[in-house]
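The values are calculated or read from the model by the stated rules, or taken from the named source; none is laboratory data. All of these numbers come straight from a predicted model, not from anything done at the bench. Cβ: placed from backbone, ideal geometry, glycine included. Neighbour counts: every protein chain shown. Heavy atoms of the whole protein, side chains included, go into the accessibility calculation; ligands, DNA and RNA do not. Shrake-Rupley method; radii C 1.70, N 1.55, O 1.52, S 1.80 Å.
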Amino acid sequence: MDHSRAPVLEALADFRRRGDIAYGPPGHKQGRGVDPRVAQIVGLDVFRSDVLSLNGLDDRRQSQGVLSRAQELMADAVGAEHAFFSTCGSSLSVKTAMLAAAGPGEKLLLSRNAHKSVVAAVVVNGVEPIWVRPRFDAERHLAHPPEPDDVRRRLKEHPDAKGMLLITPTDWGSCADIAGVARACHAYDMPVIVDEAWGAHLPFHPELPAWGMDAEADLVVTSVHKMGGAVEQSSVFHLQYDRVAPEVLAQREDLLGTTSASSLVHATLDGWRRQMVEQGHELLDAAIRRAHRIRAAAAELPGLRPMGREIVAEGLAADLDPLKIVIDVRELGMSGMQAVEWLRDHRHVDVGGSDSCRISASVTCADDDETEEVLLDALRALVEHADSVERRPPVRLPEPSALELEQAMLPRAAFFAPVEHVPAGRAAGRVSAEMISPYPPGVPVVAPGEVITDEVLDYLRSGAEHGVLIPDAADSAVRTLRVVARGAVPRG
């Protein structure tokens, strides 16, 4: 296929060259009606490129196949049989993928270190989650993806499950043995869905971890905006084999997706694919070398402990994405959240993620010598000024086993059950009717239907007092909790 072509971008250029006057959405009419104060900030070209896909970039009755050709090129670029663009972000794409594998009341194996969007999908889709516990790293207080043997054990217990959802890479860059998990599931003829939101770049360089399509996954969801060069909400479904039919995936996406797809998302996905095919190896090679330099330099700074391939040697993960710079800052006497705040306030540096133990910075093809030095200068300054950072009450981290909560009700049933709001001191032993997810990374500590414990309450309360954001809880300070009312009838 001719990867020098970019069908959506070419159609957009044609539209602008023709100078069509539109009498339908979007109402700003390619920027003619936009407030100049808005255009001054975001640029008029953003609006000029915001075009209706049908009767704009393409014709409803005489389709030129603009989007379908772009999707075919994407599939060819990454070795998939089919690719579908989504303009609603991978949070919605994952919900769609899950619904394509299992319907209401059916079982789906899910890695318990899943993002809150996965638990939200369980509530929306009505599937019965069969949790597969992640590999927990007690020293780093970090969850890595489950191993194939963990999946096999759950499959023996639930051979009627309809599929498996695996999250890899994690927010922290640790990666699963996708091929091992896929073979375990394929022995039961069930599909493996990979939430590879952080892995859109993986197909384009051999030194990066295995890409889901190359590792025998059936359906892979990527967020190109995270590690690639497309705008926010850029997501792609990649599909192969016959365990999930393309028309089933398309129909499920039609249920949940927007009917007003963004031409900005489609165009930037199209252009990024072309760039990666033509220049990806070279660009990623430079990014990988840069990440190695940053990690090595950070390791020389007192109080900083970058995570590297030792997690693979220790058998905690199958691989590590080198472009994720994950640094434990506890030896500086602060939490990752405090480090993020200091870096933003004092050095105007925004790193990508943090939790009570660490910070995370993503290196991409967009970085250069200047951004490399800015990050290292900021880390040096953080170490130098660590003693000036306010000491806050510590987050009381629970033992790994304390995070394995009993599931007393299906998440959907608990979420929609009659509820009570109870003080935190009386919440232990009650069934949660809400998700409670420290953010970032946004992995629920408590999911609807799980039994709340004193250990988890202590963790959440101490986190809130320290300054951890818990945006999805009814009470973000976790002084009260939303629980299933006593006497409520458990139902699926």
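Below is a table of values for the structure above.
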quantity	calculated
Accessible area per residue in Å² at 1.4 Å probe, computed on the chain	43
Using a Förster distance of 30 Å, the FRET efficiency for Val38-Thr258 (Cβ separation, nearest 0.05)	0.85
Mean residue ellipticity (222 nm) of the chain, computed from DSSP H runs ≥ 4 via -39,500 (n - 2.57), nearest 500	-11000 deg cm²/dmol
Mean separation of Cα contacts under 8 Å, 6 or more apart, over the residue count of the chain: relative contact order %	14
³J(HN,Hα), Karplus 6.51/-1.76/1.60, whole Hz, each residue of the stretch 263-278, x for Gly, Pro	5, 5, 5, 4, 5, 6, 4, 4, x, 5, 4, 4, 4, 5, 5, 7
Sorted peptide list for 1-10, 172-181, 283-292, criterion being average Cβ within 10 angstrom, highest first	172-181, 283-292, 1-10
D_trans [Stokes-Einstein, Kirkwood Rh over alpha-carbon pairs] for the stretch 220-353, 4 °C, 1.567 mPa s, µm² s⁻¹	70
Backbone HN-Hα couplings from phi across the stretch 107-118 [Karplus 6.51/-1.76/1.60, Hz, Gly and Pro as x]	8, 9, 6, 9, 5, 6, 8, 6, 5, 4, 5, 5
Sulfur and carbon atoms: percent of accessible area, the chain [1.4 Å]	50
Value of relative contact order over the stretch 352-492, rounded to a whole percent, pairs C-alpha under 8 Å and six or more apart	29
For the chain, the fraction of alpha-carbon pairs in successive 10 Å shells from zero, as %	4, 18, 27, 27, 18, 6, 0
Separation of alpha-carbon centers, the stretch 401-453 and the stretch 252-283, rounded to whole Å	36
Listed residue (Ser437, Ala402, Ser362) projecting farthest to the positive dipole end of the stretch 338-442, Cβ model	Ala402
Amide H contacts of His201 (H built 1.01 Å from N, under 5 Å, at least 5 apart or other chain)	none
Relative contact order, percent, the stretch 208-272 [alpha-carbon distance under 8 Å, six or more residues apart]	33
Summed residue charge, Cβ within 11 Å of Glu420's Cβ, Lys/Arg positive, Asp/Glu negative	+4
Among 353-363, 376-386, the order from most to least packed when residues are scored by Cβ within 10 Å on average	353-363, 376-386
For the stretch 189-195, 3J(HN,Hα) per residue [Karplus equation, 6.51 cos²θ - 1.76 cosθ + 1.60, θ = phi - 60°, Hz, x = Gly/Pro]	6, 10, x, 10, 9, 10, 7
Hits among lysines - C-alpha to C-alpha of Lys162 under 23 Å, sequence gap 8 or more where chains match	Lys95, Lys107, Lys116
Shape category assigned to the stretch 125-217 from the gyration tensor of Cα positions, a/c cut at 1.5	oblate
Burial order of peptide ranges 451-458, 417-424 (average beta-carbon count within 10 Å, highest first)	451-458, 417-424
